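The values are calculated or read from the model by the stated rules, or taken from the named source; none is laboratory data. Please read these numbers as outputs of a predicted model, since none were measured by experiment. In this analysis, Cβ positions are derived from the backbone assuming ideal geometry, glycine residues included, and neighbour counts consider all displayed protein chains.
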Amino acid sequence: MRTLARGLIAAAFAFAFVPLASAQAWPVKPIRLIVNSAPGSGIDLATRAFTPQLGEALGQTVVVDNRPGAGGTIGIEAMARADPDGYTLLGSPGGGIVMAPHLYKLGVDMNRDVVPVTPTARLTIFLVVHPGSPVRNVAELIAHARANPGKLNFGSSGTGSSLHIAGEMLLRTANIQAVHVPFKGGGPALIGLLGGQTDFMFDPGPSVPQVKAGKLRLLAVARATRSLFFPDTPTMAEAGADVNVDLVQGVYAPAGTPRGIITRLNREVGRIMQTAEVRKALDGIGGEAVVAPPDEFAARQRSERERFGVIIREANLHAR
């Protein structure tokens with residue numbers, strides 16, 4: 001009996017330390033980082049800016065796997081259903097985390113199944129038009145839309161995306177009509193605007209080089225404060241239409257992922273986001289690095305999810 005008891009105690013003791021040992025050994029193989037947006041989107045560009053250095057720090061390759069669609073929920077569900085072993089992560093813009101749950105029926109619970117690991121960047125949402133457009137500011141865009149009810153259209157990275165919601169918020173706030181044209185990602189939406197397929201769009205950064213090159217006209221920024229990169233450009237509120245989609249993107253893991261892995265990822269990504277190389281990449285799309293511990297990041301995302309839940313319900317917005 002004593003031998004049996006010792007054996008049971010030893011087994012229990014060993015089992016109790018399996019998660020810790022696993023976290024200490026991690027990683028021993030490549031890591032898949034799902035990005036729930038199309039290649040060339042703001043989150044895709046920002047994520048690919050830090051993954052090479054993250055791979056070097058961890059001693060394993062970090063493979064970016066683009067899984068766009070349904071406002072980012074396809075990628076969210078793929079990550080949340082993966083084994084919580086640190087080998088499947090998610091890079092998501094804020095919209096997929098704080099807006100999509102109010103627009104789509106998710107197969108996972110955002111509060112229970114998705115663990116915020118670390119913020120990465122704040123990407124300013126820019127309101128842009130083609131330089132051939134007759135409008136030069138937000139007031140003129142509103143007047144033009146009122147003079148042509150239902151004839152203008154705006155592109156987005158997909159139904160239910162933050163870019164779509166920003167457009168709907170503008171229509172509601174300004175009491176104007178325009179047709180929503182969803183594209184399969186921010187990159188295709190931007191190409192559509194450049195090609196004259198749409199009249200305006202909200203963009204999370206890839207439009208910055210086009211604005212600087214004179215290929216697009218910047219009207220305003222959809223955040224509470226002006227952009228550090230375009231200090232002379234007004235906020236949407238200053239321009240007369242209060243549209244604020246100041247969101248933070250970040251990295252997420254499935255529930256049950258060992259705390260040691262989450263802590264290490266938070267530390268490594270936070271350090272890398274502040275390197276000159278990554279800051280330069282973010283500058284190119286008008287982004288700013290964001291660093292915060294996991295709990296603080298989680299609290300922010302919960303608060304934002306509640307805020308946009310109210311906005312979406314009051315505006316009666318739907319993923320159509």
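Values as computed for the structure displayed
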read-out	value
Hey, Ala292 crowded, with 19+ Cβ neighbours inside 10 Å, among the small types (Gly, Ala, Ser), in contact with a Ser or Thr (Cβ under 8 Å, 6 or more places away or on another chain) and more than 19 Å from Val62 (Cβ to Cβ) or not	no
Matching residues, the range 237-253, being surrounded by 22 or more Cβ atoms within 10 Å (Cβ to Cβ) and within 20 Å of the chain's Cα centre (by Cα)	Val243, Val245, Leu247, Gln249, Gly250, Val251, Tyr252, Ala253
Of residues in the range 175-184 being aliphatic (A, V, I, L, M) and in a loop (DSSP other than H, G, I, E, B), the one surrounded by the most Cβ atoms within 10 Å (Cβ to Cβ)	Ala178
Residue under evaluation Ala299, criteria (1) over 28 Å from Asp85 (Cβ atoms); (2) free of Cβ contacts under 8 Å to residues at least 12 places away in the same chain; (3) assigned to a helix (DSSP H, G or I), criterion not met	(1)
Residue tally, condition buried (at least 19 other Cβ atoms within 10 Å of the Cβ) and either modelled with pLDDT under 95 or closer than 30 Å to Gly69 by Cβ (or both), over the range 131-158	9
So Gly187, is it within 15 Å of Ala38 (Cβ to Cβ) and part of a loop (DSSP other than H, G, I, E, B)	no
Candidates Arg302, Arg264 - the one that is in the same structural domain as Val62 (by TED's automatic domain parsing), of a type in the set (Lys, Arg) and surrounded by fewer than 17 Cβ atoms within 10 Å (Cβ to Cβ)	Arg302
Checklist (1) surrounded by fewer than 17 Cβ atoms within 10 Å (Cβ to Cβ); (2) assigned by TED's automatic domain parsing to the domain that holds Ala213 applied to Asp109, failing item	(2)
Identity of the residue in the range 200-224, among the basic types (Lys, Arg) and out of contact with any helix residue (DSSP H, G or I) (no Cβ under 7 Å at 6 or more places or on another chain), that ends up surrounded by the fewest Cβ atoms within 10 Å (Cβ to Cβ)	Lys212
Boolean, Gly186 is touching a residue at least 60 places away in the same chain (Cβ under 8 Å), assigned by TED's automatic domain parsing to the domain that holds Asn266 and of a type outside the set (Asp, Glu)	no
Qualifying strands (runs of 3 or more DSSP E) (wholly inside the range 66-164; at least 3 residues being under 13 Å from the mean Cα position of the chain (by Cα))	88-92, 114-123
Selected residue (criterion: surrounded by the fewest Cβ atoms within 10 Å (Cβ to Cβ)) from residues of the range 34-49 that are closer than 22 Å to Gly284 by Cα and either in the same structural domain as Val208 (by TED's automatic domain parsing) or of a type in the set (A, V, I, L, M) (or both)	Ala38
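Yes/no per residue for (1) at pLDDT below 95; (2) farther than 18 Å from Leu282 by Cα; (3) in a strand (DSSP E or B); (4) not hydroxyl-bearing (Ser, Thr, Tyr):
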| position | (1), (2), (3), (4) |
| --- | --- |
| Lys29 | no, yes, no, yes |
| Arg32 | no, yes, yes, yes |
| Thr51 | no, no, no, no |
| Glu56 | no, yes, no, yes |
| Val63 | no, yes, yes, yes |
